[in-house]
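I have placed the structure first, in the form of structure tokens, so that the comments after it can refer back to it.
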Amino acid sequence: MTEDQDEPATAPATTAPEVTITLDPHVKAYVDRAVEDGEFASVSAAFNEAMLERMRRRPRARSW
């Protein structure tokens, strides 16, 4: 799945590299619904927010 280059408000960088990820079907359905409901601008924005939150919670991940 390739996502748009939407720049989420939570991203620390100004230029985001494009990546392709595979999601479990139930995760994809959940994220798609959240995007449809306006919780996120895109699947990319949802993933970025989730990963940034994980980085905040786990000190070893703060090497960015």
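The numbers here are math on the coordinates, done by the rules we state, and not lab data. Please read these numbers as outputs of a predicted model, since none were measured by experiment. Glycine also receives a Cβ, built like all others from the backbone with ideal geometry; neighbour counts cover every protein chain displayed.
So the values come out like this:
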item: Relative packing of 41-54, 17-30, which averages over residues the other C-beta atoms within 10 Å, highest first; result: 41-54, 17-30
item: Three-way shape label, the stretch 16-59, alpha-carbon gyration tensor, a/c 1.5; result: prolate
item: Table column - 3J(HN,Hα) (Hz), the stretch 36-53, Karplus curve with 6.51, -1.76, 1.60, x for Gly and Pro; result: 4, 7, x, 6, 9, 6, 6, 4, 4, 4, 5, 5, 4, 4, 4, 6, 5, 5
